[in-house]
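Q: My questions all concern the structure below.
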Amino acid sequence: MHPLILSDRLEGEARKVGREMAAVARRIREGDEPFPLPCLLLSGGETTVTVRGHGCGGRNVEFLLAFGAALGLCPGVHALAGDTDGVDGMAAVAGAVWRPDTLARAAARGLDPLRFLDDNDAHTFFGALGDSLATGPTLTNVNDFRAVLVEEVPGLS
């Protein structure tokens with residue numbers, strides 16, 4: 001396993017950072033570069049969200065939903081994003097997880113990730129899938145945290 005700390009100061013619009021991280025994960029998954037498989041991409045820092053919709057979200061779940069929507073169907077990629085204080089946005093949820101089957105499970109429930117992203121409603125999306133991270137208040141605000149695991153998948157080159 002190759003753990004890589006990308007930065008502890010990532011900033012920018014959450015959905016843009018999510019799309020960029022998805023591009024890196026896809027590049028690793030498809031070509032074993034810029035890092036060899038398996039690898040764990042770690043990052044911290046606080047992104048921002050430009051609120052355009054009326055949903056319930058936070059910067060970590062917005063990052064993760066944008067990440068997953070941009071990633072698409074990509075086997076062997078798992079991710080989580082959360083706030084160390086246990087509260088992402090206005091919800092009592094620290095963040096959420098993305099699994100290789102998230103898009104399939106969402107489709108089976110009629111959940112369109114882009115519609116939820118457009119409405120800044122990522123907490124509702126992940127909550128409907130049971131993929132929210134609820135830690136409760138930690139009373140410690142260190143940083144937002146993101147981890148993306150890109151693993152080897154037998155039968156894929």
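Throughout, read-outs are computed from the coordinates displayed, never taken from laboratory work. None of these values were measured; they are calculated from a predicted model. When we count neighbours, we look across all protein chains shown, and the Cβ atoms used for this are built from the backbone with ideal geometry, even at glycine.
Q: Mind ranking 115-126, 70-81 by how tightly packed they are, going by the mean number of other C-beta atoms within 10 angstrom, highest first?
A: Final packing ranking: 115-126, 70-81.
Q: Continuing with the same structure: Under 15 Å from the Cβ of GLY136, count the other residues' Cβ atoms, weight Lys and Arg +1, Asp and Glu -1, and hand me the total.
A: Result for the local shell: -3.
Q: Looking at GLY68, GLY95, LEU114, which one has the Cα that reaches farthest to the positive end of the dipole of the chain (charges on Cβ: Lys, Arg +1; Asp, Glu -1)?
A: Positive-end residue among those listed: LEU114.
Q: Which helices pass in the chain if a helix is a full DSSP H run, must span at least 15 angstrom along its long axis by Cα, and must have mean Kyte-Doolittle hydropathy not below 0.5?
A: The qualifying helices are 59-71.
Q: Separate question: In the neighborhood of ARG105, defined by Cβ-to-Cβ distances under 10 Å, what is the net charge if each Lys or Arg adds +1 and each Asp or Glu adds -1?
A: 0
Q: Sticking with this structure for a sec: In debye, nearest 20: dipole of region 1-129 around its Cα centre with unit charges on the Cβ of K, R (+) and D, E (-)?
A: The calculation lands at about 320 debye.
Q: What 222 nm value per residue comes from the helices of the chain, counting each DSSP H run with n ≥ 4 as -39,500 (n - 2.57) and dividing by all residues, nearest 500 deg cm²/dmol?
A: -10000 deg cm²/dmol
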